[in-house]
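For reference, the structure is listed below as structure tokens.
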């Protein structure tokens, strides 16, 4: 038997690699996708080999992740439960996609992931694997084995000579990529405690004494293409903006969210570049989209975010929503200047050749060209249903 495993080099997937090999008598292919995580990929390769992998595949898919996943979510204004910018959920379908590609290339019989039974990722991986390769068996060793805790996993790792880190330290579950970081577990399980300083992986404290900085983001068809007038490739743009925003503590959130499996969980997230880009993109859309389209897009943004969070990236609805979103982004062209300071992003300037804003119509000064006399008739027509309802209600009381 040959199994392609989505491998991060962390405790769960390292133990899973050995457990799969022993339990199924299988050759295990460790597939690690480089999406800008902080871990040393050379060390991850060596660890996979020493743990028993017969093949190790490590691919740099940062640009694919940014362009095909993160920037699509940006165009959709997708924020799960109005806050979370989905750094981890966006990466899962890409990881699954690459695992399936490798599984088919190396003629594997099954694919596997290291997600737990009450986490969101088990759904995301299973749904993506099933959508992309319904012919392959999906294995979930962390769900199947009889180990009950991360402590049990550590004991297994020690007994099998699997290198582990963090023994005795904060028992966080940490996931990072170029779009952001996700931190759960440990002391964060206590909702009465603030996040300790050592939780944060990317950002400086918002209280760090540093002068405010302005940055101008240029957009073409809803996608960021430049910083301060300099055209940049997607990975370079996000990396540079991450560094800038992180210095100012931008992009931190501490939330209690509703998981796919029905429980609530607390997560601490960082998304420095993504936070800045979402603010700027949203502001540019307000300038160029008409009222009805903007409001409809607002309503669909939450639905899009929930699809991503729930692991339904490869669903027909997500494909259909992308068609609508792509149409709305045709005129999302221009640039927005924002100021970064003390963890906040403040819009300073907006420019677009497709702006629907008219100073002559909006001003209350001498240049006002709005037909005020039309207001009376408009107000009358707009309020007819309201007046009739209240008249009827008054008669029925």
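The values are calculated or read from the model by the stated rules, or taken from the named source; none is laboratory data. Just so we're clear, the structure is a prediction, and the values are computed from it rather than from any experiment. Cβ coordinates were reconstructed from backbone atoms using ideal geometry, including for glycine residues, and neighbour counts include every protein chain displayed.
Quickly run through the range 291-318 and pick out the residues that are part of a helix (DSSP H, G or I) and in contact (Cβ under 8 Å) with a residue 24 or more places away in the chain. Even if it seems obvious, please write down each step before you answer.
Start the filter on the range 291-318 by keeping residues that are part of a helix (DSSP H, G or I), which leaves 291-309, 316-318.
Result: 293, 297, 298, 300, 301, 302, 304, 305, 306, 308, 309.
Determine which member of the set 16, 96, 87, 73 is touching a helix residue (DSSP H, G or I) at 6+ places or on another chain (Cβ under 9 Å) and under 21 Å from residue 164 (Cα atoms). Outline the logic, then answer.
Working: 96 fails: under 21 Å from residue 164 (Cα atoms); 87 fails: under 21 Å from residue 164 (Cα atoms); 73 fails: under 21 Å from residue 164 (Cα atoms).
Criteria check complete, one pass: 16.
Could you tell me whether the range 59-74 includes any residue that is in a loop (DSSP other than H, G, I, E, B), surrounded by fewer than 15 Cβ atoms within 10 Å (Cβ to Cβ) and touching a strand residue (DSSP E or B) at 6+ places or on another chain (Cβ under 9 Å)? Step through it out loud before you land on a result.
So the first thing to find is which residues in the range 59-74 are in a loop (DSSP other than H, G, I, E, B), and the list is 61.
From what's left, surrounded by fewer than 15 Cβ atoms within 10 Å (Cβ to Cβ): none.
Scanning the range 59-74, I find no residue that is in a loop (DSSP other than H, G, I, E, B), surrounded by fewer than 15 Cβ atoms within 10 Å (Cβ to Cβ) and touching a strand residue (DSSP E or B) at 6+ places or on another chain (Cβ under 9 Å), so the answer is no.
Return only the number of the condition from (1) in a helix (DSSP H, G or I); (2) surrounded by fewer than 21 Cβ atoms within 10 Å (Cβ to Cβ) that residue 103 does not satisfy.
Single failed check for residue 103: (2).
It is to be established whether one or more residues within the range 133-144 are surrounded by fewer than 20 Cβ atoms within 10 Å (Cβ to Cβ), assigned by TED's automatic domain parsing to the domain that holds residue 22 and over 29 Å from residue 305 (Cα atoms).
Looking through the range 133-144, at least one residue is surrounded by fewer than 20 Cβ atoms within 10 Å (Cβ to Cβ), assigned by TED's automatic domain parsing to the domain that holds residue 22 and over 29 Å from residue 305 (Cα atoms).
Name the residues in the range 145-163 that are loosely packed, with under 14 Cβ neighbours inside 10 Å and touching a helix residue (DSSP H, G or I) at 6+ places or on another chain (Cβ under 7 Å), would you? So that I can check it myself, show each step before the final result.
First, the residues of the range 145-163 that are loosely packed, with under 14 Cβ neighbours inside 10 Å: 146, 148-149, 151-152, 155, 158-159, 161, 163.
Residue satisfying the conditions is 163 alone.
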